[in-house]
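No value in this document is a laboratory result; all are computed from the given coordinates. Quick caveat, the model's predicted, so the values are computed rather than measured. Glycine also receives a Cβ, built like all others from the backbone with ideal geometry; neighbour counts cover every protein chain displayed.
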Amino acid sequence: MEFKPNNICKKIVILVYTLAMFCIYPVIVDNAYFNITITKTNFFLGAGKVFLVAFIVAVFADMIIHETFDIEDKFFIDDSRRFFMKPGFWMELFILANVMAWYMDDCSKQAISGENARYMGLEMYLIIGVVFLCIARISDISKISIVAFAFVTAYTYVVGIVQHLEIDVQYWSTGRQSVFEFMHYRERLSDNQFDIYMSTFGNINIFSSFIVISLCLFLGLFIFTDVLYLKLVAGTVVVLGGTSLMIANSDSGYIGVAGAVFALLLISYNAERIRHFIVSLILLACGNLLVVWLNNYAVREYDKRGGFAQAFDRLDFALVIILALGLLYVLVRYLGTKYNSKLKEANKKKVTGFISVATAVVGLVTIVAGNAMGIGIFTFNDKWGTYRGFVWSRAWNIFCDAPIINKLFGYGNESFGTYMNAYYYEDMKEIVGRLYDNAHNELLQYLITLGIFGVIAYVGLFLSSVIYMLKYGKQNYMVYAFLVATVGYFVQSLINLNQPITTPLYFVIMALGVGYTTYLRKQDGDYDQISSK
């Protein structure tokens, strides 16, 4: 980031806020894991409020600086796109949806704080929304922020790896002293909690959610940057991320990364970066090989992996994946050399469309065939996805039985647990043995709490942001990094839950991608603008 006189105060405020979200927010832990949700909530809300005040002050300070030093300032009034293609429009609708949901909940204090569940109430979404609108307006991203985020991300991964090796705590059973005394996050956990809390995020599903956001971001950075030190930093994070993905032991992580990898495949093909894409997958596979080796030779006992983690936890399979990717790299390099001119003549849009349709067809056929064959992962019932089938089917029933006004605007912020208890308390106790305060699917969660209006606004925000970054991102590596992190989170959120530990980070990263795209457009002069002079 170059601190030119134009808008210097706003740039500094955004830089400081970004560093706080990238460097402090992921690692802040108080009282081990016992109040981690409240800790993260308070930090985000506090940082957001300070940012908004500082941003307002910075706007007036920049006006004074520009007037004093006769600096021509550019105010962006329109970019000639239709309103429904603008991320800001959809975020404004999303804010309105949350306000309407609060009203539907009789304007209760619980709906404001979200204290009945996971603190994702009206206050949280108001801060998220206004922060998004400020950052998405225009943001000049500093490489300092990206490198700092890489180091913090690597730290969170290492904590998880060390915990997997069980050398992070003072053993309460043996009294053995750990050399990693500063990592005693799990030393007060009971036996039945020990394997489901890790790193600086608490529950393994939340750690997995962070892995998706951060790993996908650095996969995109590695593939598209030509800055050597950034490529080395990103590559290191990718290897550690590949190791941590299995340790998190959550299928949502694999699904989120898979969705981002598919997006990266299409983008890499159109940007002629397929070889870089394959190398990034090799690094990811090397991370997987490392954890498999640890499981076989360094870890004495560990909880048996389930789902995708179990499938990848084989030494021979891990080696075959790396070998296959290596051969694919050689093949692509050969074809690129021998048939370079013909490949350049190919209609990239048609090829991209064919790949997308073919993937959709193969996926659909696989699901239908798997269901017909009775394969567990393709058979939807109450037990599917660690009882996600149970909570999803009940959530859908709650929506279908709702009055039309609640179908449209929801039952209220963080009201899901209230209605699950009202209608399915006995089912939860007898069938699952636990109570649900979240649908473990963000679209279903918003459908119950914010209604159809809220879901449309949320999906519209995601789609408009991705399309905006793709269309106007100038094939910039930072834009692509933020884009695939956005895609990865959205995909994993379809089987995961929203919460104040990683969900706010998703909105901030999406805002940074949109804001930096606008900044690039301003630099090239293709954004409709008028001068304040």
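Taking 7 Å along the Cα-to-C-beta vector as the label spot, tell me the L232-K338 distance in nanometres, rounded to one decimal.
Inter-label distance under the simple model: 3.6 nm.
Got a sec? How would M246, M85 order by Cβ neighbour count within 10 Å, fewest to most?
Ascending number of Cβ neighbours within 10 Å: M85, M246.
Roughly how many debye, to the nearest 20, is the charge dipole of the chain about its Cα centre, given +1 on each Lys and Arg Cβ, -1 on each Asp and Glu Cβ, and no other charges? Intermediate results must be reported in sequence, preceding the final value.
Values: 41 positive and 40 negative charges, 332 e Å.
Charge dipole of the chain: 1600 debye, to the nearest 20.
Using the membrane-span-like helix rule (whole DSSP H runs, Cα extent along the own axis of at least 27 Å, mean Kyte-Doolittle hydropathy at least -0.5), which helices of the chain qualify?
Sorted by number, the helices that extend far enough and score high enough are 36-68, 143-164, 204-224, 228-248, 251-270, 274-297, 315-338, 348-372, 451-472, 503-524.
Select from region 65-165 those GluC sites (Glu not before Pro) which occupy a DSSP coil region and have at most 10 other Cβ atoms within 10 Å, ordered by residue number.
For GluC sites (Glu not before Pro) across region 65-165 that sit outside H, G, I, E and B with at most 10 neighbouring Cβ atoms in 10 Å, the list reads E72.
As an exercise, identify the GluC sites (Glu not before Pro) in region 422-530 lying in DSSP coil whose Cβ has no more than 11 other Cβ atoms within 10 Å.
none
Determine the gain in length on full extension of the stretch L463-W293; use 0.36 nm per residue of separation and subtract their C-alpha separation, reporting nm with one decimal.
Full-extension gain reported as 57.2 nm.
Just going by the charge dipole of the chain, with Lys and Arg at +1 and Asp and Glu at -1 on Cβ, which of I404, L52, L294 is farthest out on the positive end?
Selected residue: L294.
Once a ≥ b ≥ c are taken as the square roots of the eigenvalues of the Cα gyration tensor of region 353-509, is the result rounded (a/c under 1.5), prolate (a/b larger than b/c) or oblate (a/b not larger than b/c)?
Oblate shape, in that a/c is at least 1.5 and b/c is the bigger or equal ratio.
Neighbouring Cβ atoms within 10 Å as the yardstick, rank R186, R82 fewest first.
Lowest count first: R82, R186.
Compute the length gained on full extension between L319 and Q193: take 0.36 nm times their separation in residues and subtract their Cα-Cα distance, giving the result in nm to one decimal. Each step should come with its number before you reach the end.
Working: separation 126, 0.36 × 126 = 45.36 nm, distance 3.26 nm.
The L319-Q193 span can extend by a further 42.1 nm.
May I ask you to compute the full-extension gain from K522 to Y423, defined as 0.36 nm times their residue separation minus their alpha-carbon distance, rounded to one decimal in nm?
Working: separation 99, 0.36 × 99 = 35.64 nm, distance 5.31 nm.
My answer for the length gained is 30.3 nm.
So, R0 is 51 Å and r is the distance between the beta-carbons of L165 and T68; what FRET efficiency does that work out to, to 0.05? Intermediate results must be reported in sequence, preceding the final value.
Values: r = 58 Å, r/R0 = 1.14.
The value I calculate is 0.30.
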